[in-house]
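Here the structure comes first, spelled out in structure tokens, and everything after it is commentary.
The values are calculated or read from the model by the stated rules, or taken from the named source; none is laboratory data. Because the structure is predicted, anything quoted here is derived from the model rather than measured. Please note: Cβ atoms are built from the backbone with ideal geometry, for glycine as well, and neighbour counts cover all protein chains shown.
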Amino acid sequence: MEGAMVNQFLTFTLDDEQYAIGVSKVREVLEYAKITKLPKTASYMKGIINLRGAGVPVIDLRLKFGMPETSITKDTSIIVMEVQGSDGLVIVGALADAVHEVVELDSSQIEPAPRFGTRLAAEFILGVGKKDDTFIILLDIDRIFNSDEVVMLKAQEEEAAELV
């Protein structure tokens, strides 16, 4: 992370930890809506939602990261984002316990991902931001969905389009 580049991140909570993804990846944030379950999908794949006539697959990031399943509360939100796959963009929704705010972090406030500990660190983390004595785990959303999953999500997106 060279230079004094300012990066904007949308912050959210998963299991009492602060996470963030780059604002450029976020399309919109929705209140929790009914999710239609699809058969024979991974446990973290919650199903699809209808977003202005388009079926959007929704995943539970907690399950994806090996945490307990998200319990739905009044703060539960769906972050709709664009994930870059090998064959283009896929629109995906991710459940978050609560969405907070957009924060600006310059490169001096971002440290590289720790090289020890969980598999999550090495694979999915862009870095760790520090804001007001709070650590914010910056997620690499494109890497969270490896190419196999993006292909699966793309297929479910197309399947959903036929259902709508």
Among the residues of region 5-54, count how many are surrounded by 14 or more Cβ atoms within 10 Å (Cβ to Cβ), among the polar types (S, T, N, Q) and in contact with an Asp or Glu (Cβ under 9 Å, 6 or more places away or on another chain). 3
Here the residues within region 45-74 that are under 15 Å from the mean Cα position of the chain (by Cα), on the phi < 0 side of the Ramachandran plot and assigned to a loop (DSSP other than H, G, I, E, B) are PHE65, MET67, GLU69, THR70
Output for region 75-96, where each listed residue is within 17 Å of the chain's Cα centre (by Cα) and part of a loop (DSSP other than H, G, I, E, B): ASP75, THR76
Considering residues of region 97-112 that are touching a Ser or Thr at 6+ places or on another chain (Cβ under 7 Å) and in a strand (DSSP E or B) only, the residue surrounded by the fewest Cβ atoms within 10 Å (Cβ to Cβ): GLU101
Check whether at least one residue in region 55-68 is buried (at least 19 other Cβ atoms within 10 Å of the Cβ), free of Cβ contacts under 8 Å to residues at least 60 places away in the same chain and touching a Ser or Thr at 6+ places or on another chain (Cβ under 6 Å), and report yes or no. yes
Scan region 145-155 and tell me whether some residue there is at pLDDT 80 or above and either basic (Lys, Arg) or under 29 Å from THR41 (Cβ atoms) (or both). no
Just name the residue that is modelled with the highest pLDDT out of those in region 113-136 that are surrounded by 12 or more Cβ atoms within 10 Å (Cβ to Cβ) and part of a loop (DSSP other than H, G, I, E, B). ALA113
Specify which of the listed residues (ALA42, ALA33) is of a type in the set (A, V, I, L, M), out of contact with any Cys (no Cβ under 8 Å at 6 or more places or on another chain), part of a loop (DSSP other than H, G, I, E, B) and under 21 Å from VAL99 (Cβ atoms). ALA33
